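Here's the structure we're looking at; comments come further down.
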Amino acid sequence: MADFSQQLAQRANTINMNAGPSPLPDAALLTAAASLLSYPDTPGMGIAEISHRSSAFDQVVANANKDLRQLLDIPDNYHVLWMQGGGLTQFAATVLNLAAWYRTKHQLTADDDVEGWYAVTGSWSKKAAEEGTRMGVTARTVFDGKKHGKDNKFTSIAPVDAWDVPQLEENSRKPAFIYYCDNETVDGVEFGAPDSDSAFPFDKFDPAIPVVADMSSNFLSRPVDVSKYGIIYAGAQKNLGPAGVTLVIVRDDLLVDLDEAVKYGAGRVPSMLSYKNMADTNSMFNTPPTFTIYVCSLVLRSLLESPPLPLSSPDARPLSPLSDFADQKSALVYSELDASEGFYIGTADKEARSRMNVTFRLPTGGEPLEKAFVKEASERGIKGVNGHRSVGGIRTSIYNAVTLDDVKKLVAFMREFRDKNAHA
Ligand SMILES: Cc1ncc(COP(=O)(O)O)c(C=O)c1O
């Protein structure tokens with residue numbers, strides 16, 4: 001067995017706050033490293049060296065699906081798909097599949113228009129709406145966070161009563177879907193937990209309209225009532241595993257034959273983007289990213305077997321410890337911002353603050369001070385805290401594998417940095 005003590009010591013001295021790809025649990029990585037050389041079920045052959053059609057790899061996928069179903073309590077009428085192309089590909093795939101579903105269901109013609117509704121609360125949902133337009137639906141923005149936010153930026157999520165939702169007449173055509181992004185990674189804006197003011201607002205919409213959620217950056221960070229959704233998807237590279245795979249959870253009745261849908265005015269869609277193809281082949285329509293899926297399976301198992309906090313009660317949902325953990329960690333950073341007398345200013349409104357990506361500015365010193373913050377943080381081993389290139393500022397990403405101790409060290413550094421620079 002290779003001796004990884006040097007690498008593990010380096011990891012122990014590093015606080016990885018990258019926004020994605022981001023840190024993964026040590027235990028999962030150690031198992032993965034050994035399995036690359038020789039996988040226990042196929043001695044002498046590594047996990048990346050065996051067929052995706054082998055019984056050993058079948059078992060990997062079966063275990064991952066089983067654990068994911070348990071963690072999220074996924075109802076039986078939902079499929080779990082492992083797809084490629086990242087979140088961006090899902091911006092198109094969700095639209096192409098749901099527009100085809102809608103066209104087939106209503107037996108439309110090429111002359112009929114299909115509408116999709118978008119809640120645009122940040123950079124990713126904005127891009128998704130743009131891609132929706134490119135894919136040929138009429139993408140209607142039912143909430144524009146920029147119009148509502150401070151300084152024309154994505155800083156808040158208004159209550160749904162203030163959204164620009166068209167009144168649908170009794171027999172008028174509905175949109176094919178409502179799309180939103182549960183956590184905006186760039187802007188640090190997140191829809192609330194079920195009991196908060198900014199909780200899932202789509203209960204107020206017609207339940208016949210499927211809700212599509214991009215949960216790429218807060219996946220597996222809290223319990224979710226999957227039965228409320230048509231589609232949930234998440235790129236793996238934050239809380240689930242390495243980049244290269246995107247998890248899609250899709251309700252059974254939304255699967256359609258995309259070639260059939262051409263009769264109803266849908267365009268041709270690459271076979272690889274068809275949810276039905278993926279469901280029919282257990283995600284093995286072509287060669288999937290086997291190693292990535294394997295690491296995801298290890299992460300899923302670790303969330304079940306060693307949650308960061310104990311379950312609060314025997315009937316608590318398996319992701320509730322992750323939710324408490326995320327609340328606890330992000331609250332430490334937000335308290336530091338709020339106590340800083342304006343040295344640090346959080347960019348998101350309090351009700352919309354993300355538990356995964358804490359974004360803030362240093363207004364007294366502007367960009368030069370922000371640069372100094374990033375540089376000094378890095379010298380202390382705190383990596384990846386620069387804001388997204390499109391918005392600037394600071395972003396500390398506190399995904400599941402970031403420890404409480406890591407966050408305490410970040411907060412101690414923030415306090416020191418402020419003490420040193422507040423009156424400079
Ligand atoms: C919320 C969200 N959606 C979509 C994407 C795009 O994902 P990808 O880079 O995998 O295409 C990202 C990337 O960070 C993201 O954070």
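Is there a residue in region 181-193 that is in contact (Cβ under 8 Å) with a residue 24 or more places away in the chain, within 16 Å of the ligand (Cβ to nearest atom), closer than 30 Å to Leu108 by Cα and crowded, with 16+ Cβ neighbours inside 10 Å?
Scanning region 181-193, I find at least one residue that is in contact (Cβ under 8 Å) with a residue 24 or more places away in the chain, within 16 Å of the ligand (Cβ to nearest atom), closer than 30 Å to Leu108 by Cα and crowded, with 16+ Cβ neighbours inside 10 Å, so the answer is yes.
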Legend entry - Qualifying residues in region 59-102 (those that are free of Cβ contacts under 8 Å to residues at least 12 places away in the same chain and under 24 Å from Gln237 (Cβ atoms)) - the one farthest from the chain's Cα centre (by Cα): Ala62
Inset, instruction - Being in contact with a helix residue (DSSP H, G or I) (Cβ under 6 Å, 6 or more places away or on another chain), closer than 16 Å to Glu190 by Cα and either within 16 Å of the ligand (Cβ to nearest atom) or of a type outside the set (D, E, K, R) (or both) is the filter here, so list the residues in region 112-167 that pass it. - result: Tyr118, Val120, Thr121, Phe154, Ser156, Ile157, Ala158, Val160
Inset, instruction - Among the strands (runs of 3 or more DSSP E) lying completely within region 174-293, list those that include at least 2 residues that are assigned by TED's automatic domain parsing to the domain that holds Leu108 and more than 30 Å from Val358 (Cβ to Cβ). - result: 246-251
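What is the residue count in region 155-176 for residues that are without any contact (Cβ under 8 Å) to a residue 60 or more places away in the chain and within 26 Å of the chain's Cα centre (by Cα)? Walk me through how you get there before you give the answer.
Going through region 155-176, the residues without any contact (Cβ under 8 Å) to a residue 60 or more places away in the chain turn out to be 158-172, 174.
Keeping just the survivors that are within 26 Å of the chain's Cα centre (by Cα) gives 158-165.
Count: 8.
Here's the yes/no breakdown for (1) part of a helix (DSSP H, G or I); (2) out of contact with any helix residue (DSSP H, G or I) (no Cβ under 6 Å at 6 or more places or on another chain); (3) of a type in the set (A, V, I, L, M, F, W, C); (4) surrounded by fewer than 21 Cβ atoms within 10 Å (Cβ to Cβ):
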site: Ala326; (1), (2), (3), (4): yes, yes, yes, no
site: Leu332; (1), (2), (3), (4): yes, no, yes, yes
site: Phe360; (1), (2), (3), (4): no, no, yes, no
site: Glu416; (1), (2), (3), (4): yes, yes, no, yes
Inset, instruction - Just give me the residues in region 235-285 being under 21 Å from the mean Cα position of the chain (by Cα), within 16 Å of the ligand (Cβ to nearest atom) and under 23 Å from Tyr102 (Cα atoms), in sequence order. - result: Leu247, Val248, Ile249, Leu273
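Under the condition of being of a type in the set (Lys, Arg), outside any strand (DSSP E or B) and surrounded by fewer than 19 Cβ atoms within 10 Å (Cβ to Cβ), which residue from region 121-145 is nearest to the chain's Cα centre (by Cα)? Give the derivation first.
Initial filter on region 121-145 (of a type in the set (Lys, Arg)): 126-127, 134, 140.
Restricting the remaining residues to those that are outside any strand (DSSP E or B) gives 126-127, 134.
Then drop every residue that is not surrounded by fewer than 19 Cβ atoms within 10 Å (Cβ to Cβ), which leaves 127, 134.
Values: Lys127: 15, Arg134: 23 Å.
Here the answer is Lys127.
Taking the residues in region 214-271 that are among the aromatic types (Phe, Trp, Tyr) and closer than 24 Å to Tyr294 by Cα as candidates, determine which candidate is surrounded by the most Cβ atoms within 10 Å (Cβ to Cβ). If you could, list the steps in order and put the result at the bottom.
So in region 214-271, the residues among the aromatic types (Phe, Trp, Tyr) come out as 219, 229, 233, 264.
Retained after the next criterion (residues that are closer than 24 Å to Tyr294 by Cα): 219, 233.
Numbers: Phe219: 28, Tyr233: 24.
Among residues in region 214-271 that are among the aromatic types (Phe, Trp, Tyr) and closer than 24 Å to Tyr294 by Cα, the one surrounded by the most Cβ atoms within 10 Å (Cβ to Cβ) is Phe219.
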Inset, instruction - Answer yes or no as to whether Tyr102 is surrounded by 19 or more Cβ atoms within 10 Å (Cβ to Cβ) and away from the ligand (no atom under 14 Å from the Cβ). - result: yes
Legend entry - Residues that are within 14 Å of Glu416 (Cβ to Cβ) and among the hydrophobic types (A, V, I, L, M, F, W, C), drawn from region 370-381: Ala372, Phe373, Ala377
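Here is a yes/no grid of residues against (1) at pLDDT 95 or above; (2) within 16 Å of the ligand (Cβ to nearest atom); (3) assigned to a strand (DSSP E or B); (4) not assigned by TED's automatic domain parsing to the domain that holds Thr141:
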{"site": "Leu8", "(1), (2), (3), (4)": "yes, no, no, yes"}
{"site": "Pro23", "(1), (2), (3), (4)": "yes, yes, no, yes"}
{"site": "Leu29", "(1), (2), (3), (4)": "yes, no, no, yes"}
{"site": "Ala48", "(1), (2), (3), (4)": "yes, no, no, yes"}
{"site": "Lys66", "(1), (2), (3), (4)": "yes, no, no, no"}
{"site": "Gln70", "(1), (2), (3), (4)": "yes, no, no, no"}
{"site": "Thr89", "(1), (2), (3), (4)": "yes, yes, no, no"}
{"site": "Ala92", "(1), (2), (3), (4)": "yes, yes, no, no"}
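Might you let me know whether region 416-423 holds any residue that is within 22 Å of Phe325 (Cβ to Cβ) and either out of contact with any Phe, Trp or Tyr (no Cβ under 9 Å at 6 or more places or on another chain) or among the charged types (D, E, K, R) (or both)?
No; the residues of region 416-423 include none that is within 22 Å of Phe325 (Cβ to Cβ) and either out of contact with any Phe, Trp or Tyr (no Cβ under 9 Å at 6 or more places or on another chain) or among the charged types (D, E, K, R) (or both).
The values are calculated or read from the model by the stated rules, or taken from the named source; none is laboratory data. Just so it is clear, the structure is predicted and the values come from calculations on it, not from any experiment. Positions of Cβ are generated from backbone atoms using ideal geometry, with glycine treated the same way; all protein chains shown enter the neighbour counts.
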